[in-house]
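First the structure, in the form of structure tokens, and then the observations on it.
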Amino acid sequence: MTLIRSGLLAASLIALSSGAAFADYELNILHINDLHSRIEAINKFDSTCSAEEEGKGECFGGVARLKAAIDAERQKLSGRNVLLLNAGDNFQGSLFYTTYKGAAEAEFLNLMKFDAMTVGNHEFDDSEDGLATFLDKVQFPVVTANVAAGASSKIGDRIKPFIVIEQGGQKIGIVGAVANDTEELSSPGPNVLIGNDVADITAAVAELKKEGVDKIVALTHVGYPRDLAAIAKIPDVDVVVGGHSHSFLSSTSDKAEGPYPTMVDNPGGYKVPVVQAGAYSKYLGNLKVVFDDAGVVKEATGAPITIDSSIKPDEAVLARIKELSGPIDELKNKIVAETAEPIDGSRETCRAAECAMGNLVADAILDRTKNQGMTVAITNGGGLRSSIDAGPVSMGEVLSVLPFQNTVATFQLKGADLVAALENGLSQIEEGAGRFPQVSGLKYAFDKSKPAGSRVVSVEVKEGDAFAPLDPGKTYGVASNNYLRAGGDGYAIFAKAAVNPYDFGPNLELVVADYLSAHRPYKPYTDGRITEAAATGMAEGATGAETKPATDGETATPADSSTTATEGAATTGNTGSGTTTTGSEAAATTAEGSVAAGGRHVIARGDTLWDLAKAAYGDGTLWRRIAEANDNPRPRALHIGRELSIPAK
Ligand SMILES: [Zn+2]
């Protein structure tokens, strides 16, 4: 796709017109990214699926199902050109990784017979040692142009900048790259240098062209935004298969981050298809590209395949998973620390006030991220699912506190937005909502007698060894979990205003287990970082009339959740029935004026079916009427922007 190529193109057009057409070349690319050790199937919250959920057909992915899906696609495409690509971050995310340190992932990826993989940042989570062991085991090439292993590195020369694969008589160049900030996100160590993705891909492409390869696939782990803005614009790159941002792309689903494929203009005057396939083995990307005889993509079509319960898991893989899970049960029994006293993680405390478990988890998150410049940690009280009793603490106990496989998220946020986040966290104390903010590096006082949205009385932030008043205009480094960062539990401000976010750090339960074992015996404590100002006489907000309904937008990962167990729409509208008001008043928060029986309503952030029913009919319990008229959308994952018809009374 260079100038020379357009010369060739012109020549071939002439050739075409004289009747001597070359054949187009079709290439089918199956791809996954960000497996994150989901060896076992996952539920709709991306955490390990239970036997009960499996029985109900509610599980997705897992390597047994993924293997079956890949085999089936290969079968359908037999006789055609097919590549199976892996865009990195196979490590980290379940106890299979914690136990086997990449060996389980390597074993199952080998069975799937990948043609190439790029490393992701998490492949360095156990330094180069973990990756070197993985490289010992994998039977497919690993290509990442911007990983430079030094002479004393255990990685040696096993990670290539690019490879050339021949299929159907044509050469395909595959060049990989990992996120430029891998050194901050993970631990490659002193022997491994992470170079610049664009510069190193560009250099590799030049090599490929020298070898006469004119069909080039960039296999990246740098994230969808960067694939669009930078990778797809590198001269002579034809296709980008990405990872890292866990982006689900689709041309038909309204949950997608962009179309599949997303076509990007390359300065060479042609279009580059960019694809990614969600994460956690939930999707298998399936892209068909057709190159003309000048190596230009003239057609790119496809759609990700959802690895749902309609796909029967591979039996042999299931049996092997079962075998491997024995030692994992042992791990759950492994004692990671001792605690001098019980660690209080009860709902009653953690959703209403500072609690010892909240301090432990927030302290652990902050401790893990302080080297990245984070000074404040916020986590939701509802994400803490149990207490821990005094004495030895097992990994299983830590998992019962933090069962969701959520990850540490880091970002920068203005002080004023931090206050807005705290206001959200304090907005539903009456209902016992999960959003209550447990913190570290921060002190705040609140007055719950005030209306929601104006309950924060004061905020101080730790500066060095002392606390100073929060500066609304200053930017702070904030650490939280991926659920809140995506706007879960009403923390829309994190989704909207976060700068430089990274949502997929280490798993919370591992961060907390590590922190506990570094502080043995652990002494649970509260230190007055969260204080409640005395109620001031007759409180105007005491009715709770202003409380906003919880919203999920499209995020449904329950790091929270006040409401995980209840599938009902009405979750927030009704759980607070003791304090929420009647009829039209309650609806006023989001749906005022815009919801009428017999009309239509576009879902806004914050809407619940309960509130819409309340607004339209004066009765929240009629929410099913709206649900049924709109194909029963999942109430906890109402899609912002979707138009609902509101049936007449
Ligand atoms: Zn990544």
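The values are calculated or read from the model by the stated rules, or taken from the named source; none is laboratory data. Bear in mind the structure is a predicted one, so any value in this text is a computation, not a measurement. So basically every Cβ, Gly included, is an ideal-geometry build from the backbone, and we count neighbours across all protein chains shown.
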Looking at (1) of a type in the set (S, T, N, Q); (2) away from the ligand (no atom under 15 Å from the Cβ); (3) farther than 24 Å from ALA294 by Cα, which one does SER187 not meet, given that it meets all the others?
(2)
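Rundown of residues vs (1) within 16 Å of the ligand (Cβ to nearest atom); (2) under 28 Å from PRO506 (Cβ atoms); (3) surrounded by fewer than 16 Cβ atoms within 10 Å (Cβ to Cβ), yes/no style:
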{"residue": "GLU54", "(1), (2), (3)": "no, yes, no"}
{"residue": "VAL63", "(1), (2), (3)": "no, yes, no"}
{"residue": "LEU131", "(1), (2), (3)": "yes, yes, no"}
{"residue": "PRO141", "(1), (2), (3)": "no, yes, no"}
{"residue": "GLY169", "(1), (2), (3)": "no, no, yes"}
The residue that is farthest from the chain's Cα centre (by Cα), considering only those in the stretch 215-245 that are assigned to a loop (DSSP other than H, G, I, E, B) and farther than 14 Å from VAL272 by Cβ, is VAL222
I'm trying to understand the selection: among the residues of the stretch 498-534, which are closer than 17 Å to SER427 by Cβ and surrounded by fewer than 21 Cβ atoms within 10 Å (Cβ to Cβ)?
GLU532, ALA533
I need the full set of residues from the stretch 103-151 which are of a type in the set (A, V, I, L, M, F, W, C) and either part of a helix (DSSP H, G or I) or outside the structural domain of SER281 (by TED's automatic domain parsing) (or both), in order please.
ALA103, ALA104, ALA106, PHE108, LEU109, LEU111, MET112, PHE124, LEU131, ALA132, PHE134, LEU135
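Yes or no, residue by residue, for (1) outside the structural domain of ASN81 (by TED's automatic domain parsing); (2) within 30 Å of ALA486 (Cα to Cα); (3) away from the ligand (no atom under 16 Å from the Cβ):
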| position | (1), (2), (3) |
| --- | --- |
| ARG158 | no, no, yes |
| ILE165 | no, no, yes |
| ILE201 | no, no, yes |
| PRO225 | no, yes, no |
| SER247 | no, yes, no |
| ALA256 | no, yes, yes |
In this structure, does THR349 turn out to be touching a helix residue (DSSP H, G or I) at 6+ places or on another chain (Cβ under 7 Å) and free of Cβ contacts under 8 Å to residues at least 40 places away in the same chain?
no
In the stretch 417-446, the residues that are buried (at least 20 other Cβ atoms within 10 Å of the Cβ) and in a loop (DSSP other than H, G, I, E, B):
LEU426, SER427, GLN428, ALA433, GLY434, ARG435, PHE436, GLY441
Is one or more of the residues making up the stretch 356-375 outside any helix (DSSP H, G or I), in contact with a Lys or Arg (Cβ under 8 Å, 6 or more places away or on another chain) and either aromatic (Phe, Trp, Tyr) or more than 17 Å from THR48 (Cβ to Cβ) (or both)?
yes
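Table: residues versus (1) crowded, with 18+ Cβ neighbours inside 10 Å; (2) touching a residue at least 24 places away in the same chain (Cβ under 8 Å); (3) not basic (Lys, Arg).
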site	(1), (2), (3)
HIS221	yes, yes, yes
ASP238	yes, yes, yes
SER245	yes, yes, yes
LEU249	yes, yes, yes
MET263	no, yes, yes
GLY268	yes, yes, yes
LYS288	yes, yes, no
